[in-house]
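The values are calculated or read from the model by the stated rules, or taken from the named source; none is laboratory data. All values reported here derive from a predicted model rather than from experimental measurement. We place every Cβ from the backbone using ideal geometry, glycine too, and count neighbours over all the protein chains shown. Remember, those area values only see protein heavy atoms, side chains included, never the ligands or the DNA or RNA. Shrake-Rupley method; radii C 1.70, N 1.55, O 1.52, S 1.80 Å.
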Amino acid sequence: MKKLKSLLLGKPLDPLNAGIRSHILLIAFFAWIGLGSDGLSSANYGPEMAFKTLGLQYHYLAVYIAIMMAVTIFIIALSYNQVIELFPGGGGGYKVANRMLHPYAGVVSGIALIIDYILTIAISASAASDALFSLIPGAWPIANLCVKLFMIVLLTWLNLRGAKESIKILTPIFIGFVVVHLALLFYGMTAHASDWHTVYTHTLSESKSYISHSGLFALLFLLFKAYSMGAGTYTGLEAVSNNVNILAEPRVRTGKYTMFYMAISLSVVAGGITLCYLLWTVTPVVGQTYNAILFHKMLGNSWYGYGALVITLLLEAGILLVGANTGFLGGPAVLSNMAVDEWVPSLFSNISNRLIRQNAVLFFGLGSMFIVALLDGHVDALVILYSTSVFLTFSITLFALTRHWWKTRANQKDWLYRCFISLLGFLVCALILCITIIEKLSQGSWITIVCICVMVYLCLRIKRYYARIRRHIKKYADSLKKNLISSQFSTLDYAPKFTEKGHVGVVILSDHLGLDIHTTLSAVRMFPDELKNFVFLKVGTIDNSNLSQDDSLEKLKASIKSEEQLLTAWAIENDINIKFYSKISVERLQSYKELIEKVLDEEKNCLFFGGRIIARKQGVISKILDFPMILNMQNMLNSIGKNLIIIPMTIF
């Protein structure tokens, strides 16, 4: 099984290796591919949604939409550059709302981002499969759905191997898409260069005609409706700010370069495709995407034209897969940040031996597969849910930025410019959000709102559960610390001398010092004459919170050392001999097993103890969150013929 795991996921990486961060960090080019591909891939469905909304009768108004798209992209990009500056450790919209508005606003923004990234994977995989099946319109629908689900499974596996590895594999697809589409758009524009004057005159005449019949406000409403329906085009721009911690140093500059590449490439491709729809008079064809129809018209019906069309659509499917991969980069980052803040189960902050957020990656893979199966992979329906969640977090983030720059204006020389950009971005995003919700309420936008409300409620319950645990067990640790601080015991020269009589108590330490103290005192009370020798085992777990910062591993080591000194002082006070073994690792269970084997080689007659927190009243939340490591430890010890005595600490 170890060999199979190594083959599928790659060899383990050592997080304590000084050069390991350079292995997993992304330079601007790779960040553009890994994080910017979500926005660029949206050019395959965002412009189509906007053009469909205008209809054939008013398709010349697409000129305005193309301009509005490009301007919006740069407004959002400039706004999120400020997020990168303010939060160089990552976290994006979640941390902005959490720190600059209120923790509850942060939860709403974080949940919206989680739904956003689940839908990023779902919609990109679905659109990729639709692009492929545009070559064979009318094919068996179930085959299309199966391909969509397979693509998600494939991306999940790639990301379990590591973010950088998945990006390297997908890089040729990204470059091929950019080169081919820029060439096709250049040809599409120049081949109809003589029609530009016609487009200009028809756009003006169509605008005047619409105003004369329906009024200026009706024209603006139609434009903003089409503009908001194409809102999927602007998604993905927030991904860099969520993942600044995986960018190469200097992070802020790398992030800004990445945002610049994203804004330029997305505005050119999305705006160019929208204008080409107009120039080449694209009309709907059953079973084909608008891009497939457009490029078929450009390339013709010859055998080499059809071959070029096949390559183009394969690259579109490929870039959509690269865009879906962004969901596996940005989503786990948001989820793990929320896990560190105890809004979601702590297991989502854990990382695997490949130094990736394995549990979070699996969560997003399964979540996107569920939504694709539920909605049968229909892109139009997914885009509505997608836009609602994205622009909710955009609006919250940009409102928080606007408020921040206004409050700190006395200390900022360029506050007016920053405040203006943030306010403009907020107004644009709030407008798109309102139109999307109102116009598409009956078509599914309400589903996103309901899902966000339900998930926020669950987060509040989880936070309350964790807070109650900490509050109840903190008193044990505080009591011991107070007693030991008042005592004058020096632990510097302490040398344990184990007695030959009695047993050795081996205590598996947890993440809560109060629980560890409770476990040790209970063991002494159970065997007062037998236990005069103790071995404490501690594994410091490397997770998302202490891998993202350069000095975090040193802080983790210092925390373990402080706990060792505290327990040593307690042992001196109670005339008990102790040894302390510790290790830092990402694989906690395996590391404890290695420490136990070491103890068994050195000591005989060992009695193993571990603590477990138990809620007196088992609610739904406590049952979901109650997956203690100590039960796995008990099973592991049983497998080698040893018993583990679990000491319960009943709270609530």
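Please report, in whole Å, how far the alpha carbons of region 420-479 spread along each principal axis, starting with the longest.
Sorted from largest, the Cα extents of region 420-479 read 58, 34, 7 Å.
Using heavy-atom solvent-accessible surface (probe 1.4 Å) with all chains present, what is the largest-first order of 38, 601?
The ordering from most to least exposed comes out as 601, 38.
Out of 147, 72, 96, whose Cα points farthest toward the positive end of the dipole of region 37-163 (charges: +1 Lys, Arg; -1 Asp, Glu; placed on Cβ)?
Going by the charge dipole, the pick is 96.
How much of the accessible area of region 253-323, probe 1.4 Å, is carbon plus sulfur, in whole percent?
Of the solvent-accessible surface of region 253-323, carbon and sulfur hold 70 percent.
Could you go through region 372-387 in sequence order and give the Karplus-derived ³J(HN,Hα) for each residue, using 6.51 cos²θ - 1.76 cosθ + 1.60 with θ = phi - 60°, rounded to whole Hz, and x for Gly and Pro?
Each residue's phi maps through the Karplus curve to give 5, 5, 5, 9, 6, x, 6, 5, 4, 5, 5, 5, 5, 4, 4, 4 Hz.
Hey, what's region 74-151 come to in accessible area per residue, 1.4 Å probe, Å²?
30
Using modelled amide H (1.01 Å from N, peptide plane; none on Pro or chain starts), what sits under 5 Å from the amide H of residue 580, excluding residues fewer than 5 places away?
Those lying under 5 Å, H to H, from residue 580 are 536.
Return the sequence-ordered ³J(HN,Hα) values of region 529-534 in whole Hz as given by the Karplus equation 6.51 cos²θ - 1.76 cosθ + 1.60 applied to θ = phi - 60°, using x for Gly and Pro.
9, 8, 9, 10, 10, 10
Let me check I've understood the local charge: for residue 498, count other residues with C-beta under 11 angstrom from its C-beta, Lys and Arg +1, Asp and Glu -1. What total comes out?
Cβ neighbours under 11 Å give a net charge of +2.
Taking all protein chains as present, what is the carbon and sulfur share of the accessible area of region 30-69, in % to the nearest whole number, probe 1.4 Å?
68
With only Lys, Arg, Asp and Glu charged, each at its Cβ (+1 for the first two, -1 for the last two), find how big the charge dipole of region 33-138 is about the Cα centre; round to the nearest 20 debye.
That gives region 33-138 a dipole magnitude of about 200 debye.
How large is ³J(HN,Hα), in whole Hz, for each residue of region 430-442 in order, when computed from phi with the Karplus curve 6.51 cos²θ - 1.76 cosθ + 1.60 and θ = phi - 60°, using x for Gly and Pro?
Result, ordered by residue: 5, 5, 4, 4, 5, 5, 4, 5, 5, 5, 10, 4, 6 Hz.
Give me the percent of accessible area attributable to carbon and sulfur for region 349-444, probe 1.4 angstrom. Walk me through the numbers on the way to the answer.
Working: 2870 of 4240 Å².
Ligands and nucleic acids excluded, carbon and sulfur give 68 percent.
Taking amide H atoms as placed 1.01 Å from N in the peptide plane, list the residues 5 or more away in sequence, or in a different chain, whose amide H sits under 5 Å from that of residue 280.
none
Pull up all non-local amide H partners of residue 607: gap of 5 or more, or a different chain, and H-to-H distance under 5 Å with H placed in the peptide plane.
504, 505, 506
Using only the alpha carbons of region 318-453, what is the convex hull's orientation-averaged projected area in square nanometres?
One quarter of the hull surface, i.e. the mean projection, equals 11.1 nm².
Counting only heavy atoms of the protein chains, get the accessible area per residue of region 252-390 (1.4 Å probe) and round it to a whole Å² value.
32
What is the mean projected area of the alpha carbon convex hull for region 31-144, to one decimal in square nanometres?
On the way: hull surface 40.1 nm².
Taking a quarter of the hull surface, the average projection is 10.0 nm².
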